[in-house]
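A short worksheet on the structure shown next.
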Amino acid sequence: MQHPRGGTTPIAALHRISRMSLSVVHSRALDGMAAPQVTVEVHLANGLPSFTLVGLADTEVKEARERVRSALQNSALEFPHNKRITVSLAPADLPKESGRFDLPIALGILAASGQIDAAKLARFEFAGELSLAGALRPVRGALAMALALQRAATEGSRALVLPATSAAQAAWVPGIAVHAATHLLEVVRALLPDDAQHGESLPRVMPEEHAIPTVWPDLREVRGQVQAKRVLEIAAAGGHSLLMMGPPGSGKSMLAQRFAGLLPRLETHEALESAAVLSLTGAFSAERWGERVLRAPHHSASSVALVGGGSPPRPGEISLAHHGVLFLDELPEFQRSALEALREPLETGRITISRAARRADFPARFQLVAAMNPCPCGHLGNPARACRCTPDAVARYQGRLSGPLLDRIDLQVEVPAVPASVLSAAAQGESSAEVAQRVAEARRVALARQGRCNAALEGALLDEHAALDTATQQFLHAACQRLGWSARSVHRVQRVARSIADLAGSAPITLPHLAEAIQCRRLLATK
């Protein structure tokens, strides 16, 4: 090839220069629950020394230039000060945030400058934030990254290299190789050419079974409230939402705090989904692997805190409670907009957060347990204390809960005040372990029959597994007409009746099962 100034430059030499000055490293970004692949391209060229980073990078990503420079220098590695460095994060239209790209950028610079074997980079995907001394710091969403790699896994697919803490979380995902590192130099030694590596490699991380079971308060400690305990058992067996109404001190919060102890442990796929959402906010704990999450936000929480939001979008309480329990105490005290935002997730089990430039989809298959007072002073219907609220004040207070929201709550039970004489004389009821055993058996039957909880039955599955005979169906239609229920309420009563029948060990739904289901839903309909 003829050089413009008269010299000749061999094509092979051009290829050799290109290989030495360009490197490609694979990583992953976070986009809601998704973790799309990101290709980190690093090019070193002659010219005025600079460090340019392109690819729709957020402020935290752009700050990687200073972290990477200091980490390389303090790790006794060579930083190409006299080169024009260009780092491209592809695809260019995907927003990038956080410091997860520090490690891929540093390795790309080392490979482009010939300090490590660029061919070995193709075997791995990297993520990790660098300290100025070169230590690796954990990143958010390690489980989401591992799940994305698992879904894209093929024969000979890449392994994942993460900081040690993040690698311990990602290792719970089966079917992929996860390697841990605590310092940049550990990764560099594993990527040296074979003749200089001396057999060093990154350790592979395996999941460790060191779960510490949560000791939930025992249901036996709640004296009286037989009906409320029964409704709690039905809700746990079928995965139903629940609203408790009663005066202060009647035991609503005590019952809610013991509800999670009645639920069975999560299946493997459920535990992975729950942990993946929690890892997006750094709330995942390996010691609680397989356990149901209990989230109890204060009533001052905004709609963004409940359903998620922000830029970039982050999961809210309903997503953090995925496959777990969301307890909303003092339900009417929450903002109206926050409560109305619960309507769609209660129906679909998902929440889509749309912003001008971003859209994120999060799972939200939570079990709602809510509690409220019957009036502003709390003593409406309390035989021990007179209510001082006017009828208008009571109507306004209960009217804070819209009809469409109440329509989506399966079980509504009254928790009356228990007199002190009755409370001291009441015998201890069943323990949480005894109730949990019946709940586990009912859930096992439901999953074997239909592959999902009764609360998730819909369409043809509802018609097949919650079918009613002629007499029972006529009874349901008469009750719905008298109470003014919607078609949604009819279906929800059928689901509750299916759960009651499962607890009783009955294959068909009989009239007593349906009557109890109706009784468990007519609280506010008769107020």
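Annotations
- For the stretch 377-401, a residue qualifies if it is of a type in the set (D, E, K, R), out of contact with any helix residue (DSSP H, G or I) (no Cβ under 9 Å at 6 or more places or on another chain) and surrounded by 14 or more Cβ atoms within 10 Å (Cβ to Cβ), and exactly one does: 396.
- Test for residue 146: is it free of Cβ contacts under 8 Å to residues at least 40 places away in the same chain, open to solvent by less than 20 Å² (accessible area, probe 1.4 Å) and under 29 Å from the mean Cα position of the chain (by Cα): yes
- Complete set of residues in the stretch 353-379 that are in a strand (DSSP E or B) and of a type in the set (A, V, I, L, M): 353, 360, 368, 369, 370, 371, 372
- Only residues that are touching a residue at least 40 places away in the same chain (Cβ under 8 Å) and open to solvent by 10 Å² or more (accessible area, probe 1.4 Å) were counted in the stretch 223-240, giving 8.
- Complete set of residues in the stretch 137-149 that are in a helix (DSSP H, G or I) and of a type in the set (Val, Ile, Thr): none
- Test result for residue 98, hydroxyl-bearing (Ser, Thr, Tyr) and closer than 24 Å to residue 286 by Cα: yes
- Inside the stretch 498-522, residues that are open to solvent by 10 Å² or more (accessible area, probe 1.4 Å) and touching a Cys at 6+ places or on another chain (Cβ under 9 Å) make up a count of 1.
- Within the stretch 310-335, residues that are over 30 Å from residue 29 (Cα atoms) reach partners that are part of a helix (DSSP H, G or I) and among the basic types (Lys, Arg) with beta carbons closer than 9 Å, at six or more positions or on different chains, in the pairs 329/252.
- Output for the stretch 169-188, where each listed residue is surrounded by fewer than 23 Cβ atoms within 10 Å (Cβ to Cβ) and more than 25 Å from residue 271 (Cα to Cα): 182, 183, 185, 186, 188
- Residues that are open to solvent by less than 10 Å² (accessible area, probe 1.4 Å) and part of a helix (DSSP H, G or I), drawn from the stretch 150-168: 166, 167
- Within the option set 70, 27, 18, 75, being among the hydroxyl-bearing types (Ser, Thr, Tyr) and modelled with pLDDT under 90 holds for one residue only, 18.
- Condition broken by residue 316, with the remaining ones in (1) surrounded by fewer than 21 Cβ atoms within 10 Å (Cβ to Cβ); (2) more than 25 Å from residue 495 (Cβ to Cβ) satisfied: (1)
- Between 260, 286, 271, 275, the distinction of being more than 24 Å from residue 352 (Cα to Cα) and open to solvent by less than 10 Å² (accessible area, probe 1.4 Å) belongs to 260 only.
- Summed over the stretch 193-214, the residues that are in a loop (DSSP other than H, G, I, E, B) and at pLDDT below 80 give a count of 10.
- Of the helices (runs of 4 or more DSSP H) entirely within the stretch 411-476, those holding at least 2 residues that are open to solvent by 80 Å² or more (accessible area, probe 1.4 Å), polar (S, T, N, Q) and out of contact with any helix residue (DSSP H, G or I) (no Cβ under 8 Å at 6 or more places or on another chain) occupy 420-425.
The values are calculated or read from the model by the stated rules, or taken from the named source; none is laboratory data. Note that the structure is predicted; figures quoted are calculated from it, not measured. As a convention, Cβ positions derive from the backbone with ideal geometry for all residues, glycine included, and neighbour counts pool all protein chains shown. Ligands, DNA and RNA are stripped out before the accessible areas are found, and what is left, the full protein with its side chains, is counted by its heavy atoms. Shrake-Rupley method; radii C 1.70, N 1.55, O 1.52, S 1.80 Å.
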